[in-house]
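Only one structure is covered here, and it is reproduced in the block below.
What follows draws every value from the coordinates through simple rules; no lab data is involved. Here the structure is a predicted model, which is why all the values come from computation and not from measurement. Reconstructed Cβ throughout: ideal geometry from the backbone, glycine too, with neighbour counts over all protein chains shown.
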Amino acid sequence: MLYDYAGREIKTPTGQSRVLGERLTSWEVTDRESADESRALSPSKLDLMFTEANGGDPERQARLAMEIEEKDWDVAQSLQTRRAAVKGLGWECQASIEDNDQAKAIAEEAEAMLRNINPRTAPNGEAEDVDFEGALEHMLSAILPGYSCQEVIWAPGGSNIHAFSPTLTNAITFHQSKSPLIRTSDHTDGLPLAPNKFVFHRHRARSGDATRGGLIRPLGWMYLFTNLGVKDLVRFIEKFGMPFVSARLDENAWEKDRSQIAYLIKNFGSDGGAVFSKSVELEFIDAVQRGGDIYFKLIEYMGTAKTKVIQGQTATSGDAGGFSKGQAQENVRQDILESDCEAIQRSVRDDILRPWVMFKHGPDAPVPVFHLKCEPPEDLKDKAELVKTLNDAGFKAKRDWVSQVFDIPLEDAAPTSEKALALAGEKKKPLTEAEKATEQLVQNSAKTILSDEPLYEEWLRPVQDAIDKALADLPDEPTEGDKAALNERVEALLKAVPGLFEDMEPARLEEFLAQAMYAGDVNGRLERLEVLK
C-alpha cells in the first residue's frame, strides 16, 4: 500500500488502495518534441518564455534549457565538468543517532538497498528506468531548469525499490499552485505529485520559486547573444573571407550566354558569384573591423561568461595568477561542489530514505543520513610540518595515528646508540697498522675476562647479582613511592660495592689490567713509528 508522511493509507478518488509498485507515469508519443524553442530565438521570444515561467508555466523555459545543453558547446562542456565532480564522489548512509544500534543497522540496510537497485526487476519496466546512480545523475540535470522529477517504483509493501523513472522537466507545471504539478495528456493543468512516490529535487531557488531557481535565466540570454554572434561571424566569413567571382556581360551576351556563364560560376563550389550586365554597378562597403575580430571577441567573452556562471570561475591555468588566486578558484569549485551535494543529500533523505524507513521500520524509526564524500583531501604537507613542529617542541605524535593519516607503514626507529655507531662506521677512516694491533690486543683481553669463568664469577657476578637484587620487583610503571624505594636500594648498593671487593682475589684482575697496560704501551710505540715514517 501507499502511505503518507503520517503513515496513513493513501486512497484513490474511488476509495481503492494504491499499490506501491503501481507506475503512475509512462512515456507517450507526444513526449517526443518536433519543434525547438531555440529555433529563431529572439529577445522578445526569450522574454516571453521567462514571463510565462514567472506566471507558473515553465514548460517552454524547461524545453529551452534542454535544447541549450544540446546546442551550446560551452554550456555542455561546463555542465559535464560540474556534474562529473559530483558523479565521481563516493557515498554512504550514516546513522542519524550515534551509539544507537537500531540507527546503525537501518543505515547499513539502507545503503545495501540503494546499491542493489536493479531496473530489470521492475514490473512493467521501461527503457528509461534507472538505478540509484542514474537517479543521482538525473538530479544533476536540475542545474539549468532549477528542478527535476522522477518516480520511485516501489516493491510490494515498500520494502525495496525496483527502479527510478525520470520525468521530463517540461512535464512539470506550477499553474495556480506553489507545489509542483505533473502534466499529462488527460490533465493538461497538472495533477499533484502522489506523496512518497516522487523525488522532486530543487537545484536552488533564489526567490523561493522553483521556476526561477535554475541557471537558465542568465544562460538563456548568453545563448541568444552567442547565437547571433556566430551567425554574424559566418555571414562575415562568407562575404569577406571567400573569393567572389563576378562576370559582366554586354547586351548581346546577356541574352545569349547569361545562363551558361551563371552555371560555370556555380561550379566554382561554395565561393560566391554573380552575373551582371555592364550597366549594373555594385559597391561593397567594408566594415570598420575588416578582420572580424569583433565577432571573435564577442564569442570568446560569452564563452568565458557561461563558464563562470556554471562553474563559478574560468578554471584555466592561465587565469590563475599566483597561489592566492589559484587557491581562491579552488575554493570556489569546492563551495559549488558542496552546495550541489548538500541539495542532493537533502532530496535523497527526504524523498527516498524517509518513506522507505517508514514503510519498512515504522514512522518512529531513525532515518539515515545520506552523505556524499565531497570533503577536500587533507593537505598532508601542512600536517607533516605540524607533526615536525610539535616534535621539535617536545610533543611526540603516536605512531598508529601517523601511519593511518599518511598511509605509510612505519618501522621501529633504531636506537640512538645504534644510529651513532652506524654514522661513526660510515665516517670511520681505514685503520693504521698500530690501530689494528691495538684493537687485536683489546679484543684478546676482553675474550680473556669473559672466557675465564673463575674471573667472571669472582669479579663480575657479585656486582651483577647486587644490581638485580636492587631492581627486583620494580613495576613497569613505578609510582612516586616506588621511585623513592628504588633510590634507597641504589644508595645501599653503592655503599655495599666497596665491601664486595674486599673478599675478592685481585691476582687475576691484576693480570687483566697488566695486559691492558701492555696494549696501550704497544699502541703508543706504533703510533710514534707512524709519525717518524
Practice problem: Please give the contour-minus-distance gain from Leu390 to Asp186: 0.36 nm per residue of separation, less the Cα-Cα distance, rounded to one decimal in nm. | Solution: 66.3 nm
Quiz prompt | Local electrostatic count, Pro123, Cβ distance below 14 Å [Lys/Arg +1, Asp/Glu -1] | solution = -2
Practice problem: Take His175, His203 and order them by how many other Cβ atoms sit within 10 Å, fewest up front. | Solution: His175, His203
Quiz prompt | Asp350/His175 FRET efficiency (R0 25 Å; Cβ-Cβ; nearest 0.05) | solution = 0.55
Quiz prompt | Order of Phe370, Phe200 under a 10 Å beta carbon neighbour criterion, fewest first | solution = Phe200, Phe370
Exercise. Would you order Met66, Met517 from fewest to most other beta-carbon atoms within 10 Å of each residue's own beta-carbon?
Key: Met517, Met66
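Hey, with R₀ at 56 Å, roughly what FRET efficiency would Glu109 and Asn487 work out to, going by the Cβ-Cβ distance, to 0.05? Please report the intermediate quantities before stating the final value.
Values: r = 62 Å, r/R0 = 1.10.
Here the calculated transfer efficiency is 0.35.
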Quiz item: Under a point spin-label approximation (7 Å from Cα along Cα-to-Cβ), what is the Glu300-Ser403 distance to one decimal in nm?
Solution: 5.6
